[in-house]
Each structure stands twice: as C-alpha cells, then as structure tokens.
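Only the coordinates and a few stated rules stand behind these numbers; no lab work does. What you see is a predicted model; the values in this text were computed from it and never measured. For neighbour counting, all protein chains shown are included, and Cβ atoms are generated from backbone atoms with ideal geometry for every residue, glycine included.
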C-alpha cells in the first residue's frame, strides 16, 4: 500500500513527490524588493555622484550608481536562475568545496590586509578588489558554503541519531563556526555579518532538533563571545554607549551622528514621504545612504506607508520560506530552507532595528535593496535554491496520509504473519 502511494504520487524513496510548479511568490517578492532598491538608487544616485566628485575628486556621471546597481541586479537574477535549475543534489554535493573557497578567500583577505595590499574602509577590510570586475566580499561566499555544508552534515547526524553528540556533531560545528567568526568578526571587523552567520547556524541546529538545553547553553556561549567582541573593540564600545544613551545623545556627538541622521530621515518622511528625488539626507548628511542606511532613505522618500509596505514584503518573503521548509520531507532540504530564513531574517532585523534606534549600528546590508553586488548575488542564489526546493514540497495532509498508510500496512503485515503461524 505504501509503495503504491509513492507510485501514484511519483515520490522518490526519500518521500519527495514528483516535481511541480515552484512557489512563484518567492520570485515576485525577490524581484519587487530589487526594483524598490533600484528605484531609490536611481533617485539618489546623482546626489551621491556629485558628493563623491566634489569631496573626493572622482568623475562619476549622474547615472553611474544606477547602472552599477542594474548590473548587480542582472548578476543576482542570473544567480537566482542558476540555483533554481542546477539540481540541488549537485549543489549540495559541492557544499564543502564552496565552504573551503569561502575560508580561503577570507584568509587571502586577511593576508592582503596585513601586508598592506588591501586597504581598510572605515577601519574594516572586507572586500577583495578585482580591478575592472569590481570587488568581492569573501564573507558572503562563506555564508553560502556554510549553508550548503551544514545542511548535509546535520542531516546525516540526525539520521544516525548523533545530532546531540558532542564529539560527532557539536564540536565540529563549533569549530567551523569559531573559524568563521574569527575571520569575519575578529579580522574583518564585521560584527553584523558575524551575527548573520550565527543566525544561519542556530536556525539549522534548531530545525535539526538539537536538545533545548544545548540551545540554551549555545545562547550563553554566544552572549559571552559577543560581549568579548564588543568590549575588546573601541569603536563597538562607542556604538553601544551611543545606543544606551538613546535620545539623550546630541547631534553634535560624532559617535551618534549616523543614527541621529537616520532618525531624521525616517521622521521627515512623515506619512507618505517627501517623494522620489527629494531626499535631503542623501545629499551627504546620512552616511552610507545607498548601503547600510537605505532603509532610512526609503522612510524619507516613501514615508510611514512606504516603510510598512516594505516590511510587509520582507515578512511575506520570510513566510514563504517557512512554508517551503514546512513542506519538505528530505531533512537536508528542510535545513537549507531554515538556513536561508535565518540568513535573510537576521539581515532584515539587524539593519532596520539599527536604523530606527532599537539596536546598535552593526554595518549590515538590507537584503536585495542595498547598493552592491556580492551580498545581493549570494542572497539571490540562496533564494533561487529555495525556489527550486519549493517544486518538491508535499502538503502536510499528504505527509500524514502517507504516514498513516505506512502504519496500517505494517500492522496488516504483522497480523497476516501471526495468523499464518497459528494456522500451521
């Protein structure tokens, strides 16, 4: 009976039903978010170009940043498409190689910084310049590799009953996480990316069914590690102190300048915003107006209504990821979706919370909207992979039906065998 159920529904031995249409809403929400970011950069790009030309002596034309972002979106959509058509088993098979590539790229970045080949930007070395090809951020490769590798690693440990085993599971995961955090936070001085890496790991461990006591212990370790990272870095201490002072911090305080102007941008947007092309803060007042601070510019441009709509899009996209995860039978695929959820969710929460002043500034992009290529390309690739997985989901009622039918079939077999023995 159970075998017949699988044949009727075209299921594989792992219980994945035959391929069907993917979740198109993932595509729609992804493209909409990219378009909103492109629209904002189109509006404030000329202001940014004028500022860079007058202050730093560049010769950017008014459309420079728009065309650069359009190219990044094209590459990101290409990555989304590639991950939606390349068989997921092939991608997972090479997860360890991608992880190694991420670690090697991070190591090259560190060596380049130490020998003076790579320059720090705002006190942090996070990018490897590739000449005419632009730059690449090794931490994004590391995230993607960690996602792929842990999906297989943890699924195997669950299958063998060793998910809570310290030697077989927890210590190897801790070692990988420790090296990743060392490179990203310790060397690259990128606390925001370090937190997002941690979010990927925690989300996947939680879905893998790790013991709750271990989870609480993990949170304790992360809290202590976070405190150490903060209090051993002067600029992070300044950011935390600025955050704790809240509205008592004056606009003349250099450490509070960024967050104060982010709040001014959001507040000046009012209900419906000042309109496209009318941003004041993008003229040089708000730092990183196209990158980490783009949410504040969106608040200024589109107002409260615009920011609520944007939050709605992100929430809707995250809910689709949870829906895909809920419909997966193959644990590897469920863990992949969980990791992407943690990745995207951490970026959205940290970025927006910092801009509205309820979390210290961490320097993290707003996914699919912030200016730049590497972050957008890899998060788009991860979303493309989830879109592919959405073609193999099973409705919860069918999962229950299969489970019940298998159970009835096993009971029937036992009764038949018992009766035959009695008849003999």
statement: Fewest to most Cβ atoms within 10 Å: 292, 330, 61 sort as 61, 330, 292
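Any chance you could run the full-extension gain for residue 276 through residue 156? It's 0.36 nm times the residue separation minus the Cα-Cα distance, nm to one decimal. If you can, show how the numbers build up before the last one.
Details: separation 120, 0.36 × 120 = 43.20 nm, distance 5.10 nm.
So the extension gain works out to 38.1 nm.
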- request: Could you work out how far apart the two model spin labels at residue 164 and residue 305 are, taking each label as a point 7 Å from the Cα in the direction of the beta carbon, and quote it in nm?
  value: 5.3
- line: Quick note on 68, 19, ordering by fewest other C-beta atoms within 10 Å, gives 19, 68
- request: Work out the FRET efficiency for residue 326 and residue 225 from their Cβ-Cβ distance, taking R0 = 25 Å, and round it to the nearest 0.05.
  value: 0.20
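Could the peptides 276-285, 39-48 be put in order, highest first, of the mean number of other beta-carbon atoms found within 10 Å of their residues?
Details: 276-285: 17.1, 39-48: 21.4.
Ranking the peptides 276-285, 39-48 by packing returns 39-48, 276-285.
Suppose we look only past 15 Å in the calculated P(r) of the stretch 122-223. What percent of the Cα-Cα pairs does that tail hold? The partial results should precede the final answer.
Details: 3317 of 5151 pairs.
When all Cα pairs of the stretch 122-223 are counted, 64 percent exceed 15 Å.
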message: How would 271, 52, 328 line up from fewest to most surrounding beta-carbon atoms within 10 angstrom?
response: 271, 52, 328
- request: Over the stretch 24-399, calculate the relative contact order: mean separation of alpha carbon pairs under 8 Å at least 6 apart, over the residue count, as a percent.
  value: 26
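Just the C-alpha atoms of the stretch 24-399: what Rg/Rh do they give, with Rh taken as the Kirkwood radius? Working shown, then result.
On the way: Rg = 20.6 Å, Rh = 21.5 Å.
With Rh from the inverse mean 1/r over Cα pairs, Rg/Rh is 0.96.
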- prompt: Could you give the length gained on full extension between residue 268 and residue 96, defined as 0.36 nm per residue of separation minus the Cα-Cα distance, in nm?
  reply: 57.1 nm
task: With r as the distance between the Cβ atoms of residue 61 and residue 32 and R0 = 30 Å, compute the FRET efficiency 1/(1 + (r/R0)^6) and round to 0.05.
output: 0.60
- request: Rank by packing, highest mean first: peptides 24-33, 356-365, with packing defined as the count of other Cβ atoms within 10 Å averaged across residues.
  value: 356-365, 24-33
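Kindly state, to the nearest 0.05, the FRET efficiency for residue 359 paired with residue 19, given R0 = 35 Å and r defined as their beta-carbon distance. Provide the component values of the computation, followed by the final result.
Details: r = 41 Å, r/R0 = 1.18.
Efficiency at R0 = 35 Å is approximately 0.25.
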- line: Taking 0.36 nm per residue of separation between residue 104 and residue 182 and subtracting their Cα-Cα distance, the length gained on full extension comes to 26.8 nm
